[in-house]
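This report concerns only the one structure given below.
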Amino acid sequence: MSKENFYTLLSRYRSGNCTDQEKRLVEQWFATLDEAIPERGSQENNAIEERIWNAIQHKTEEEKPVLQMLTWKWAAAAVIFLALGWAGYQYKTSQNALLTNAAVNNMINKNLTTETNKTSQSKAIKLPDGSQIQLSPNSSIAYDPSFSGVQREVYLEGKAFFQVQRDTERPFFVHTGDVVTKVLGTSFWVNGSEDKSAIEVSVLTGKVSVSQHARADGTETSRIKDGVILTANQRVKYTAQTRSFETGLVSNPVPVVAEKKGKPVAESFDFQDNPFSEVIGKLEETYGIEIILEDETFTGCLFSGNITKQPLFTKLDLLCNSVNASYEVRGTRILISGKGCAVTN
């Protein structure tokens, strides 16, 4: 963490421009103090600044003598004093402004690379492990440039599409507000609202785990709880106010492309008097979505038609219209019910 980034956070807190999580981080420093913040005159600011910076530089040691711990507490108090009282000290705004407090916490212990998309187009980013990110406008990510740890971690503010290189030995984590998404190798969207009130994850291919951090500040990244497992064409929305997950299907499910001899194979949906249940079974297999027939009224129903180029929900509309049925999405499944082909109008 550079001095510029360090003071940028403090300056943004003083001016009221930091995120809610960054604000909580700074205020947590107050909570760690056992004594009141000392009053200091402006002439002592330079000396205080150097002692604070030296204390931060040595904070990465696992164990400290009692005297050193007391020194760090005093330094933390001085940091808050400077952030709130040194009104004349100005620092320019940097690209590191869009960071979650989880990223700020980690920056104290290691330098993270930060990239912010200030354009109106998505920005392509390649991570050290070969994973690809399409960073949406007004979004930001931070990550360890070496990716040398036992797990790969990215801190996201905003929205991004991830295509993660598979590595079974080193799982990939995306931290967004109170939520962490864990994958081994897949492609998916993560979309965090500007005020962190809602976070949505939708999966294109593969499987991901979406969970809460064990602590709301995101500092204990290895501990997660209360999550869901998503597969292709599934999504989940996390609501911060209720701390709840709501699962469903993506708005436009796409085929989970099968492969033969290493080449992708597009499925054909051209039918001639095929059993209705067989058509539904092919939809399930192609899109990886469970489709339930409510009862046996569709036994013996046949379907003819070419619906290959239609989106999934249009396919279902055409199929249901042919057998006096309707469908509804229930969570991550689809339920088909109706009168069946034995009944005529």
Check your understanding: Among the listed residues Thr344, Thr314, Thr286, which satisfies the condition of being modelled with pLDDT under 95, out of contact with any helix residue (DSSP H, G or I) (no Cβ under 9 Å at 6 or more places or on another chain) and outside any strand (DSSP E or B)?
Key -> Thr344
Exercise for review: Filter the stretch 245-259 down to residues that are small (Gly, Ala, Ser) and either open to solvent by 50 Å² or more (accessible area, probe 1.4 Å) or modelled with pLDDT of 90 or more (or both), then give me how many there are.
Suggested key: 2
**Study point:** Set Glu153, Glu115, Glu157: member being more than 23 Å from Val236 (Cβ to Cβ) and buried (at least 16 other Cβ atoms within 10 Å of the Cβ)
**Key:** Glu115
Check your understanding: Taking interchain pairs and intrachain pairs at least six residues apart, which have beta carbon atoms under 9 angstrom, with the first residue in the stretch 305-329 and over 27 Å from Glu246 (Cα atoms) and the second part of a helix (DSSP H, G or I) and open to solvent by 60 Å² or more (accessible area, probe 1.4 Å)?
Key -> Gly305/Leu318; Ile307/Leu318; Gln310/Asp317; Gln310/Leu318
Review point. Out of all the residues in the stretch 182-195, which are open to solvent by less than 40 Å² (accessible area, probe 1.4 Å) and more than 21 Å from Ser122 (Cα to Cα)?
Key: Val183, Gly185
Practice item. Select from the stretch 317-339 the residues that are open to solvent by 20 Å² or more (accessible area, probe 1.4 Å), under 21 Å from Asp270 (Cα atoms) and either in a loop (DSSP other than H, G, I, E, B) or of a type in the set (D, E, K, R) (or both) and list them in ascending order. Key: Asp317, Asn324
Revision key, fill the gap. Those residues of the stretch 296-316 that are of a type outside the set (S, T, N, Q) and open to solvent by 30 Å² or more (accessible area, probe 1.4 Å) come to a total of 6
Exercise for review: Kindly provide the set of residues from the stretch 151-181 that are modelled with pLDDT of 90 or more and of a type in the set (Ser, Thr, Tyr), ordered by number.
Suggested key: Tyr155, Thr176, Thr181
Point to revise | Exclusive hit being of a type in the set (Gly, Ala, Ser), open to solvent by less than 60 Å² (accessible area, probe 1.4 Å) and either at pLDDT 95 or above or not in a strand (DSSP E or B) (or both), set Gly227, Gly218 | key: Gly218
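The values are calculated or read from the model by the stated rules, or taken from the named source; none is laboratory data. On a predicted model such as this, the values are computed, not experimentally measured, just so you know. Because the Cβ atoms are built from the backbone with ideal geometry, glycine has one as well, and the counts that use them run over all protein chains shown. Areas reflect the complete protein model, heavy atoms only, side chains present, ligands, DNA and RNA absent. Shrake-Rupley method; radii C 1.70, N 1.55, O 1.52, S 1.80 Å.
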